[in-house]
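Written below as structure tokens is the structure these notes are about.
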Amino acid sequence: MCKRAKKKEKEIWHGLPEERFKAYRNWRTPRGYLCGTYAASVLLAYYQDYVDEQMIPSFIRQKKATDGATLAAFLQLFIQRYGMPTIAFQVAHGVSSFLGRYQQNVRARATLIGGWQRAVKRIDQGKPVIIGLNKLCGSTYGNHWVVAYAYKETATGERYFKVHDNWGSYCAVIPAKWVNGTVSLP
């Protein structure tokens, strides 16, 4: 269960239910720089579980399956074949290539600016979004990919995302100022 910070002010989260991401809590990047692949795995699994059951072929993953290893292995071939770090366009292209390979007429979209606006738009549509965290923007994670599914803006104007972090938490809270890019599906 995720720990709750003491509320000094009323916190209103907008977005998808945290409980939906609990199923992916053990989907962790096993080594190196594979966070782009693992974030894409969570995004696609969510879409299969809650948006379109046909998104992923059943021989790769069954709807509501709690093991993401096979999906991640397939996605790695399209996103990070050599395990090197990625940028938004690589993750989006890899996701699009994977979906195209399995006759899905869906293309991922990458953005390098406007992370808050893009993520909020998708979350308000009931869809999670991959967000890139950047060390130069203050990220204590360094450069990293996570899946955002909820957001809030405080009375003082501070903005936050609730994310599935493939380093071990399905309900981490991160400042929106760390975001430098997004990858989303329509």
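The values are calculated or read from the model by the stated rules, or taken from the named source; none is laboratory data. Only a predicted model underlies this, so the values are computations on that prediction, with no experimental measurement involved. With ideal geometry, Cβ positions are generated from the backbone for all residues, glycine too; neighbour counts draw on all protein chains shown. The protein model used for the area step is the full one, side chains on, heavy atoms only, and it has no ligands, DNA or RNA in it. Shrake-Rupley method; radii C 1.70, N 1.55, O 1.52, S 1.80 Å.
Things to note:
- With the charge dipole of the chain set up from +1 on Lys and Arg Cβ and -1 on Asp and Glu Cβ about the Cα centre, the Cα lying farthest toward the positive end among the listed residues Tyr170, Ala45, Phe74 is that of Tyr170.
- Within the accessible surface of segment 3-112, defined with a 1.4 Å probe on protein heavy atoms only, the carbon and sulfur portion equals 50 percent.
- Placing unit charges on the Cβ atoms only, positive for Lys and Arg and negative for Asp and Glu, gives segment 73-171 a dipole magnitude near 280 debye about its Cα centre.
- Applying 1/(1 + (r/R0)^6) with r as the Cβ-Cβ distance of Gln103 and Thr70 and R0 = 30 angstrom yields a FRET efficiency of 0.95.
- Under the convention that each Lys and Arg Cβ holds +1 and each Asp and Glu Cβ holds -1, the size of the dipole of the chain around its Cα centre is about 280 debye.
- Annotation for segment 9-111: trypsin sites (Lys or Arg not before Pro) lying in DSSP loop with at most 11 further Cβ atoms inside 10 Å of their Cβ are Lys10, Arg31, Lys64, Arg81.
- Taken one residue at a time, the phi angles of segment 126-134 give Karplus couplings (6.51, -1.76, 1.60, θ = phi - 60°) of x, 10, x, 9, 7, 10, x, 9, 10 Hz. Gly and Pro are set to x.
- For segment 26-136, the spherically averaged projection of the C-alpha convex hull amounts to 7.0 nm².
- Vicinal HN-Hα couplings computed from phi for segment 97-111 (Karplus, 6.51 cos²θ - 1.76 cosθ + 1.60; Hz; Gly/Pro x): 5, 4, 5, x, 4, 10, 6, 9, 8, 10, 10, 6, 10, 10, 10
- Amide proton proximity set for Tyr170, modelled H, under 5 Å, gap of 5+: Asp165
- Using a Förster distance of 25 Å, the FRET efficiency for Gln125-Lys177 (Cβ separation, nearest 0.05): 0.60
- Rounded to the nearest Hz, the phi-derived 3J(HN,Hα) couplings of segment 169-186 under the Karplus curve 6.51 cos²θ - 1.76 cosθ + 1.60 (θ = phi - 60°) are 10, 8, 9, 6, 10, 10, x, 5, 5, 7, 6, 10, x, 9, 9, 9, 10, x, where x marks glycine and proline.
- Extension gain for Leu77 to Glu11 (0.36 nm times residue separation, less C-alpha to C-alpha distance): 19.7 nm.
- Ellipsoid semi-axes in whole angstrom, largest first, where each is sqrt(5λ) of the Cα gyration tensor of the chain: 25, 17, 15
- Low-density loop positions, chymotrypsin sites (Phe, Trp or Tyr not before Pro), segment 9-108 - DSSP coil, at most 11 other Cβ in 10 Å: Phe59, Tyr82
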